[in-house]
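Below you'll find the structure, written out as structure tokens, and then a few comments.
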Amino acid sequence: MMPREPFGARLRTALETRGPLCVGIDPHAALLSAWGLGDDIAGLERFTRTVVDALADRVAVLKPQSAFFERFGSRGVAVLERAVADARAAGALVLMDAKRGDIGSTMAAYAAAYVEESSPLFCDAVTVSPYLGFGSLRPVLDTASANGAGVFVLALTSNPEGAEVQRATTAGGPSVAQVMLDHIARENEGALPLGSVGAVVGATLAEAGVALGVNGPLLAPGIGAQGATPADLPKVFGEAVGNVVPSVSRDVLRHGPSPQALREASDRFVGEIRAALA
Ligand SMILES: O=C(O)c1cc(=O)[nH]c(=O)n1[C@@H]1O[C@H](COP(=O)(O)O)[C@@H](O)[C@H]1O
């Protein structure tokens, strides 16, 4: 079999052809209820299948949030597994939002779970937390690279509590977030058209206040329910705005269960984001 193209290249193509948008699949109990579904495995199954069927053939990236599936145990994980396979088959890139972070030897097991081709949960990319030290991520970075997959590393998260850790200054002077961004930049050195190691930088930040030129994708959650808008993107991301992957969960999902309404909501975001980035 031909080796898979690196994630960064596949993402660049997807963003250009399908539009700069990641839609999160976050089956909150409140959303299931608003859709007239039970907060149970049948509701989870119906919700997830509706979102994948409506959006996987048009949205660049779908980002299932693992916790919303794990809360239903093994049957919830089976729904997630099916969603990943179906979404990838329909042409969406799947970013597993798992935010894993552990010592290196355990990270190797997380890598085997999400970015190793032979895994039933193989995804195009996974979110990870570097707060056990960036070096602890080495196994997931290497496994992802060997499998044409990507890794998104938390840098400056969209929640207000993140600042106490991420804005703290290191002994050498730069903030913790900047140290992580510098590591990411090194991973992506020389990659064309875009590296496969991304950073997560919330669209909710008043300003980034860090150097975002990491030659990799910048996942920007926080648009919609958390208060950020597409118009905020140029201000937060500055010169790096061309690498931004804006992410929306609830503000698209609340338009369901009508597949047409879900598609219209995601198309609206693509239009607004394109206008903001132009
Ligand atoms: O990695 C993420 O996706 C993420 C990082 C971050 O800094 N903030 C953040 O909200 N997220 C995720 O993005 C989604 C945001 O959902 P909405 O606020 O409904 O659009 C959730 O699944 C969060 O877990």
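Taking 19 Å as the cut-off, the amide N atoms of the range 235-278 that come nearer than this to a point 7 Å along the Cα-to-beta-carbon line of D57 belong to 258-268. In this calculation the C-beta distance from R274 to T13 is compared with R0 = 25 Å, giving a FRET efficiency of 0.95. Using every pair of distinct Cα positions in the chain, the Kirkwood expression returns a hydrodynamic radius of 18.6 angstrom. Work out the FRET efficiency for I41 and L132 from their Cβ-Cβ distance, taking R0 = 30 Å, and round it to the nearest 0.05. Here the calculated transfer efficiency is 0.35. Rounded to the nearest 5, the antiparallel percentage of DSSP beta bridges internal to the chain is 5%.
Which net charge results when you count Lys and Arg as +1 and Asp and Glu as -1 among the other residues whose beta-carbon is under 11 Å from that of R4? That works out to -2. One chain, two ends: E239 and I103. Fully extended at 0.36 nm per residue, the span grows by 45.5 nm beyond their Cα-Cα distance. Whole-percent P(r), the range 85-212, all Cα pairs, 10 Å bins from 0: 13, 43, 33, 10, 1.
A cut-off of 5 Å between modelled amide H atoms, ignoring neighbours fewer than 5 places along the same chain, links G202 with L156, T157, S158. Estimated from helical segments only, the mean residue ellipticity of the chain at 222 nm is -12500 deg cm²/dmol, where each DSSP H run of four or more residues counts as -39500 (n - 2.57). Sorted into 10 angstrom bins from 0, the C-alpha pair distances of the range 182-278 split as 17, 43, 29, 10, 1 percent. Of the residues P3, G202, L154, the one whose Cα sits farthest toward the positive end of the charge dipole of the chain, with +1 on the Cβ of Lys and Arg and -1 on the Cβ of Asp and Glu, is P3. Summing Lys and Arg as +1 and Asp and Glu as -1 over all other residues whose Cβ lies under 14 Å from the Cβ of P234 gives a net charge of -2.
Summary of the geometry: the range 1-80 and the range 95-139, compared by the centres of their Cα atoms, lie 18 Å apart. Computed from point charges on the beta carbon alone (+1 for Lys and Arg, -1 for Asp and Glu), the dipole magnitude for the range 1-104 about its Cα centre is near 260 Debye. The length gained on full extension between V77 and A261, counted as 0.36 nm times the residue separation minus their Cα-Cα distance, comes to 63.6 nm. Summing charges over neighbours of P221, with a neighbour being any other residue whose Cβ is under 12 Å away from its Cβ, gives 0 when K and R count +1 and D and E count -1. When the GluC sites (Glu not before Pro) in the range 45-137 are filtered for DSSP coil states and for at most 16 other beta-carbon atoms within 10 Å of their beta-carbon, the remaining sites are E117.
Which one of P139, A113, A89 is farthest out on the positive end of the charge dipole of the range 7-271, using unit charges on Cβ (Lys, Arg +1; Asp, Glu -1) and the Cα centre as origin? The residue sitting most towards the positive pole is A89. Rounded to the nearest 20 debye, the dipole magnitude of the range 7-271 is 260 debye, with +1 charges on Lys and Arg beta carbons, -1 on Asp and Glu beta carbons, and the Cα centre as origin. Computed 3J(HN,Hα) for the range 132-146, one whole-Hz value per residue from the Karplus formula 6.51 cos²θ - 1.76 cosθ + 1.60 where θ = phi - 60°, is 9, x, 4, x, 5, 7, 3, x, 6, 5, 6, 5, 4, 4, 5, glycine and proline marked x.
Working from label points 7 Å from Cα in the Cα-to-Cβ sense, the A67 to S33 distance is 1.8 nm.
Just so you know, all these numbers are worked out from the coordinates, no wet-lab data involved. The structure presented is a predicted model; accordingly, all values stated were derived computationally and were not measured. So basically every Cβ, Gly included, is an ideal-geometry build from the backbone, and we count neighbours across all protein chains shown.
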